[in-house]
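In what follows, a single structure is set out as structure tokens and then discussed.
What follows draws every value from the coordinates through simple rules; no lab data is involved. Keep in mind the model is a prediction, meaning the values are calculated, not measured. Quick reminder, even Gly has a Cβ in these numbers, built from the backbone with ideal geometry, and neighbours come from all protein chains shown.
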Amino acid sequence: MEQGSYLMIERGMTVRGTEGDLGTVAEVVADTGADIFRGIVLSHGLLLPKHVFVPAEKVIGVDSRSVQVNLSKSEAEQLPPPNVPSPPGTSGG
């Protein structure tokens, strides 16, 4: 992550992609005891919100109001649900 700390990320924060807002943070996935940030769960969609897992390597910044990710809207829509972990040794995209 280029700026900010994953410790600043909170539920409900806006997630901004390369083409604008993608949704909100539903959950932060981290092992704070080991100081390992795994990613965030992104909630998007109005009527029936969908949750997808955004891996840490796609998170490029955090400020007091939002999380910036290196994803377009179409890329975000193709991400896996949060309960499907990536195989070991893969970068998820």
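Annotations
- Residue of Thr14, Thr32, Thr24 that the Gaussian network model of the chain assigns the largest fluctuation, springs spanning Cα pairs under 10 Å: Thr32
- Percentage of interatomic Cα-Cα distances in the chain larger than 21 Å: 22 percent
- Point-to-point label distance, Ile60-Lys73, nm (Cα→Cβ direction, 7 Å offset): 1.8 nm
- Fewest-first ranking of His51, His44, using other Cβ atoms within 10 Å as the exposure measure: His51, His44
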